[in-house]
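To start, the structure itself, in structure tokens.
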Amino acid sequence: MSATIALHAGSLEHAETASTREPAWVRVVLISIALTFFAVFLLLPLGTVFAEGLRKGWAAYVAALVNDDAWDAIKLTLITAAIAVPLNLVFGVAAAWSIAKFEFPGKRLLITFIDLPFSVSPVISGLIYVLLFGAQGWFGPWLQEHDIRIIFAVPGIVLATIFVTFPFVARELIPLMEAQGSEEEEAAVVLGASGWQVFWYTTLPNIKWGLLYGVILCNARAMGEFGAVSVVSGHIRGQTNTMPLYVEILYNEYNYAAAFAVASLLALLAIVTLALKTLVERQTRRQLQEIIEPSGE
Amino acid sequence: MSIAIRNISKQFGAFKALDDVSIDVPSGELVALLGPSGCGKTTLLRIIAGLDFADSGQIVLDGDDASARHVRERHVGFVFQHYALFRHMSIADNVAFGLRVKPRRERLAEADIKRRVKRLLELVQLDWLADRYPSQLSGGQRQRIALARALAVDPKVLLLDEPFGALDAKVRKELRRWLRQLHDEIHVTSVFVTHDQEEALEVSDRVVVINKGKVEQIGTPESVYDHPATPFVANFLGSVNLFHGRVEDGHLHVGNDALALGASEGSDGKAVAFVRPHEFDLVPGWDEQGALAARIVRVVSVGPSAQIELAHGDGKLIEVSLGRDAFRLLGLSEGDRVSLRPRHIRVFPTDALAA
Amino acid sequence: MTSVKRYSPLPGFRLAMGYTLVYLTLIVLIPLAAVGTKTLTMGWEAFWAAVSSPRVVASYQLSFGASLLAAAINVVFGLIFAWVLVRYRFPGKGLIDSLVDLPFALPTAVAGIALATIYSENGPVGKLLEPWGIEIAYTPNGVLLALVFIGLPFVVRTVQPVLGDLEKEVEEAAAGLGASRWQTFLRIILPHIAPALLTGFAMAFARAVGEYGSVIFIAGNVPMVSEITPLLIITKLEQYDYAGATAVASVMLVFSFVLLLIINGLQGWMQNRHAKGA
């Protein structure tokens, strides 16, 4: 069973004996390749961000972050995430509840649809909203008449962000809730619990780690999304710049130190995300273990 | 409270899970639904609880038609096969759950809830586990907590789905005796599902044997064991030897042997006969009339009885069980010829087997 | 809606399902349908002209070619990573295991400018490579490099759990029957993880084809040479060529959907194999 659960691999250790061990030189070579690749491809870019950000000294670094444009970008990024994440959270819970706890035809198709945004290029994720709400789009004329701006404005950025982060929570919860089954919920219903009571007292405590995991990933992507947001933003400084877009502008203006200073904030976000993710993975794995092989039996 | 199950049918796609099932469970009885896996017994239990709905038929609880009633309003206690304890709640909170989710005006004061939980935990003899969590309990303890949780809301009916299914053999035996005692104390009308005939016969007041969605027989453990109504019941309850033969002139002809039947047994024609291993008399030699001529193949003489495997006629194996001392007195060993005289034969016309 | 589903005593199906469908339709399905209708209204000739112009074809070649190559490279290195993480103990393993997901977590624009800086002529690695005549930044090599970066976690994370599931006894049995370590790997382990490798490859490929942020800073974006398809879509949009942008996008969308179906099929295959093996 454990194989079918989309468990996030972590340190799945493998005990070994002499007969299943490679010669020492093979191990050394493989580990060296992995370490080199890791250093060059992962560690170096991460380090570069901070090194370049601080190249002109601490004062320049702070100055790059503490100014109106940077602050506007940070604010818009936070606002966008604050709208997109809760919406996708509610959606994810609703979708997982209906898919994992009920039997109905077309379930697999629905799951495929939910996964769609992941397979769409970020650029196209932005384009589709331009086609809907842009000046030449379906609703363009009507929006212009009523003086409502969606594209090249904040609503477009929020919409594109919702789209690209759409599946995160749902796809974490669906396999988790399917693995947990419905017996606890049924027990609660038999004992007289109402709909919300069933959810609050039995389901939610069981999915809280998976939920948190989905939210963390969803948030990281919402704050870091570049391609989709770039298409719908129009790059109006101070109005429609999120942090990643602001990084691009600074970089294209050859203001490298400032670009990397802002980028370092996003890199910090990534590091915090990974740390939280590792933590939550440990919790969910423990929880899943309890379902698969309850202790004391 | 009594339960009346009237003409329940249920279909899953092309599969007929329950086919016109009717059962009456009188108030205060402990009834076992017994059958092989996939026979529909769990579906029936879930329909009684309201966890599932029948395509047709009625569930009458205490004289009222409850067929359309939601599970919340049926006031049943349900013990799930895998207990379904709330993982994240302490044992005491698990038991208190049903009391705490009641609407405010019906809810007991917290102190009363605590008192009641304590009493229930004492009833299942696990009050010392109140602050533990389900994952820290053994299977047998979880089962008893599940029962206490179900009883907390004062159910009119207690339904148990394979209550001992997930336990090892020793705990099973203990727990089943304990369940019987508990039922004698609290006398709540109870229905439990099992595929284990020993369990059904030992614990229940009455056994309902179900096969392929249909009721085969309802009766006390003695009556279904001693007087099976159908070949399926004869075969399913306890080990049994099966013979194919013909009934003629009050005799069952098996191979070259003829066995005398009681006056009421069997009508002429092809028939199947069942004889339990302990219902044979053994006589050394092949001279006996009205008996099966057989040869001893193997003897396992461990414990209170001897299990004897014999070959009859064309090689069909027959199992016989005899008191160990009685067998020793006969002075028989492997390879010897013996005559087998059944004390009790149950005969069914062959076409009954197909049903 | 409730009539087609199996009865369940649990509440909230109608509410949850209703919300799911409405939200899905509004956020995903209708906007995606806009690409379809826009494409359908432009007429075949205009469509064909838009998607087959030399510049567009050159961008396909770069995007698909570099993505395929990057995914293949990721299969090799991803397998090594997964292998090392599952089987060996070495210092820094925990850190590596956590940071493998960095390409997922790091905003693509940040990755893009970092890679561009590192591999430009004056960058720490670009400087080392320049004497050898190897140029990475602002050439198709840069595109490839960025795509390898973002695709790595897909292969590692699909292979890792499957490799961890492989029972040690199976390998011991193979060794007991006289197989060398290399034979055991080729005949026992590789077939076991092949579906996972393939899934990881397809996922890395799908992601790479659509990738934008991490590529454009390092690619140089020279038309016909180092211009990826997603960038071309943006370029067309900026020129107010909505129809052209949509046509190219629809080609990519169809391609992505087909890949998605293939990936789903592969995952189903993997699950079935494991269900049978368990």
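Compute the long axis of helix B:169-186 from its Cα atoms, compare it with the longest principal axis of the Cα atoms of chain B, and write down the angle in degrees, 0 to 90, nearest 10.
The helix B:169-186 is inclined about 60 degrees to chain B.
Run the paramagnetic zone check for B:Glu222: 7 angstrom along Cα to Cβ, then residues of the range B:192-207 with backbone nitrogen under 16 Å.
The answer is B:201-207, whose backbone nitrogens lie closer than 16 Å to the label point.
Structure shown: which of B:Lys10/B:Lys41; A:Lys107/C:Lys38; B:Lys214/B:Lys316 lie over 23 Å apart, alpha-carbon to alpha-carbon?
Values: B:Lys10/B:Lys41 11 Å; A:Lys107/C:Lys38 29 Å; B:Lys214/B:Lys316 31 Å.
With Cα atoms farther than 23 Å apart: A:Lys107/C:Lys38; B:Lys214/B:Lys316.
Mean Kyte-Doolittle of at least -1.0 plus a Cα span of 30 Å or more along the axis: flag which DSSP H helices in chain A meet both, please.
A:68-101, A:256-292
Enter the angle in degrees (range 0 to 90, nearest 10) between the Cα long axis of helix B:139-151 and the first principal axis of the Cα atoms of chain B, meaning the one along which they spread out most.
Taking the Cα atoms of chain B, the angle to B:139-151 is about 60 degrees.
Report the residue, chosen from A:Ala64, A:Ala222, A:Ala193, that carries the largest GNM mean-square fluctuation when chain A is represented by alpha-carbon nodes joined by springs under 10 Å.
A:Ala193
Give me the tail of P(r) for the range C:52-163 as a percent: Cα-Cα pairs with distance above 21 Å.
48 percent
Any idea what angle helix B:91-100 forms with the longest principal axis of chain B, computed on alpha-carbon atoms, 0 to 90 degrees, nearest 10?
Its long axis makes an angle of about 70 degrees.
Give me the inter-chain shielding for C:117-125: mean count of other chain Cβ atoms within 10 Å, whole number please. Let's see the in-between values first.
Values: counts 9, 7, 2, 0, 0, 0, 3, 5, 3.
Mean partner-chain Cβ count within 10 Å for C:117-125: 3.
Taking a cut-off of 19 Å between Cα atoms, list the lysines near B:Lys173, but don't count ones fewer than 8 places away on the same chain.
Filter leaves no residues.
Which whole number gives the average, over all residues in C:205-217, of C-beta atoms from other chains lying within 10 Å of the residue C-beta?
On the way: counts 0, 4, 3, 0, 2, 9, 4, 11, 12, 3, 1, 4, 4.
Mean number of neighbouring Cβ atoms from other chains: 4.
Can you give the mean number of other chain Cβ atoms that lie within 10 Å of the Cβ atoms in peptide A:175-185?
3
So, R0 is 22 Å and r is the distance between the beta-carbons of B:Arg343 and B:Asp196; what FRET efficiency does that work out to, to 0.05? Walk me through the intermediate numbers first.
Working: r = 27 Å, r/R0 = 1.22.
In this case the efficiency is close to 0.25.
Ignoring ligands and nucleic acids, what accessible area does B:Leu160 show with a 1.4 Å probe (Å², nearest 10)?
My reading of the accessible area for B:Leu160 is about 10 Å².
Could you pull the Rg and Dmax for chain B, using just the Cα atoms, both in Å?
Rg, Dmax (Cα atoms, Å): 24.8, 82.
Quick one: of A:Lys101/B:Lys114; A:Lys101/B:Lys156; B:Lys114/B:Lys170; A:Lys277/C:Lys93, which pairs are farther than 22 Å apart, Cα to Cα?
Details: A:Lys101/B:Lys114 32 Å; A:Lys101/B:Lys156 28 Å; B:Lys114/B:Lys170 33 Å; A:Lys277/C:Lys93 16 Å.
As for pairs spanning more than 22 Å Cα to Cα, those are A:Lys101/B:Lys114; A:Lys101/B:Lys156; B:Lys114/B:Lys170.
Of C:Ile136, C:Ile193, which has the most accessible area with a 1.4 Å probe, and how do the rest follow in descending order?
Of C:Ile136, C:Ile193, the descending order of accessible area is C:Ile136, C:Ile193.
On the accessible surface of chain C, probed at 1.4 Å, how many percent belong to carbon and sulfur atoms?
Solvent-exposed carbon and sulfur of chain C make up 67 percent of the total.
Just read off the accessible area of A:Trp200 with the full protein assembly in place, 1.4 Å probe, to the nearest 10 Å².
Ignoring ligands and nucleic acids, A:Trp200 comes out at about 140 Å².
Can you report the principal axis dimensions of chain A using only the alpha carbons, biggest first, rounded to whole angstrom?
64, 61, 31
What are the residues whose amide H is under 5 Å from the amide H of B:Val21, where those residues sit 5 or more places off or on another chain and H is modelled from the backbone?
Close amide H contacts, sequence-distant or interchain: B:Asn7, B:Ile8, B:Ser9.
In nanometres, what is the gap between the two model label sites at B:Arg132 and C:Ile134, each 7 Å from Cα along Cα-to-Cβ?
6.2 nm
Based on DSSP H assignment, which helices of chain C show an axial Cα extent of at least 18 Å together with a mean Kyte-Doolittle hydropathy greater than or equal to -1.0?
The qualifying helices are C:54-87, C:140-165, C:190-210, C:242-277.
Suppose only helical runs count, i.e. DSSP H with n ≥ 4. What mean residue ellipticity at 222 nm does that imply for chain A under -39500 (n - 2.57) per run, divided by all residues and rounded to the nearest 500 deg cm²/dmol?
On the way: 15 runs with 208 residues, N = 297.
That calculation yields -22500 deg cm²/dmol at 222 nm.
Quick one: Debye curve from the alpha-carbon atoms of the protein assembly as shown only, equal weights, vacuum; give me log10 I(q)/I(0) at q = 0.04, 0.09, 0.10 Å⁻¹ to two decimals.
-0.28, -1.04, -1.16
First obtain the Kirkwood hydrodynamic radius of the range B:232-292 from its Cα pairs, then insert it into the Stokes-Einstein equation at 25 °C and 0.890 mPa s, and state the resulting D in µm² per second as a whole number.
It comes out at roughly 195 µm²/s.
Which of B:Arg180, B:Arg115, B:Arg295 ends up with the largest GNM mean-square fluctuation for chain B, with Cα atoms connected below 10 Å?
With Cα springs under 10 Å in chain B, the top fluctuation among B:Arg180, B:Arg115, B:Arg295 is at B:Arg115.
Give the relative contact order (percent, whole number) for the range B:242-353; include only Cα pairs under 8 Å separated by 6+ residues.
Reported relative contact order: 32 percent.
With r as the distance between the Cβ atoms of B:Val60 and C:Thr25 and R0 = 51 Å, compute the FRET efficiency 1/(1 + (r/R0)^6) and round to 0.05.
Computed FRET efficiency for C:Thr25 and B:Val60 comes out at 0.70.
For C:Lys168, give me every one of the lysines with a C-alpha distance below 19 angstrom, ignoring sequence neighbours fewer than eight places off in its own chain.
Reachable lysines: C:Lys276.
Among A:Lys107, B:Lys102, what's the order by accessible area (1.4 angstrom probe), most exposed first?
My answer, sorted largest first, is B:Lys102, A:Lys107.
Given the C-alpha centroids of the range A:150-181 and the range C:223-238, what is the distance between them in whole angstrom?
If you average the Cα positions of each part, the centres end up 27 Å apart.
Full-extension gain between A:Thr112 and A:Val29, please, as 0.36 nm times their residue separation minus the C-alpha to C-alpha distance.
Gain in length upon complete extension: 25.8 nm.
Counting only protein heavy atoms and rolling a 1.4 Å probe, how much accessible area do C and A lose on contact, total for both sides, in Å² to 100?
In total, chains C and A hide about 9000 Å² from solvent.
Can you give the longest stretch of chain B with no exposed loop site, where a site means GluC sites (Glu not before Pro) in a DSSP loop (not H, G, I, E or B) with at most 12 other C-beta atoms within 10 Å? Please list the in-between numbers first.
Values: sites that count: B:Glu106, B:Glu334.
Longest run free of exposed loop sites: B:107-333.
Please work out the ratio of the alpha-carbon Rg of the range A:156-265 to 2.2 N^0.38 Å and round it to two decimals.
Cα Rg divided by the expected 2.2 N^0.38 Å: 1.56.
Which value in nm describes the separation of the simple spin-label points at A:Ser194 and A:Val90, placed 7 Å from the Cα toward the beta carbon?
A separation of 1.9 nm, rounded to one decimal place.
Suppose we keep just the alpha-carbon trace of the range C:54-277; what are its Rg and Dmax in angstrom?
Rg, Dmax (Cα atoms, Å): 19.9, 68.
Treating only the Cα positions of the range B:270-355 as identical point scatterers, give the base-10 log of I(q)/I(0) from the Debye formula at each q in 0.12, 0.27 Å⁻¹.
One equal scatterer on each Cα of the range B:270-355 leads to -0.37, -1.44.
Which of the lysines could a cross-linker span from C:Lys127 if the Cα-Cα distance has to be under 23 Å and same-chain partners fewer than 8 positions apart are dropped?
Qualifying lysines at Cα under 23 Å: A:Lys56.
Using a 10 angstrom cutoff on alpha carbons, build the Gaussian network for chain B and name the most mobile of B:Phe53, B:Phe192, B:Phe243.
Fluctuation is largest for B:Phe243.
What is the projected area of the convex hull of the Cα atoms of the range B:129-200, averaged over all directions, in nm²?
5.1 nm²
The values are calculated or read from the model by the stated rules, or taken from the named source; none is laboratory data. For clarity, every value in this text was computed on a predicted model and none was experimentally measured. Positions of Cβ are generated from backbone atoms using ideal geometry, with glycine treated the same way; all protein chains shown enter the neighbour counts. Please note that ligands, DNA and RNA were not included when accessible areas were found on the heavy atoms of the full protein model with its side chains. Shrake-Rupley method; radii C 1.70, N 1.55, O 1.52, S 1.80 Å.
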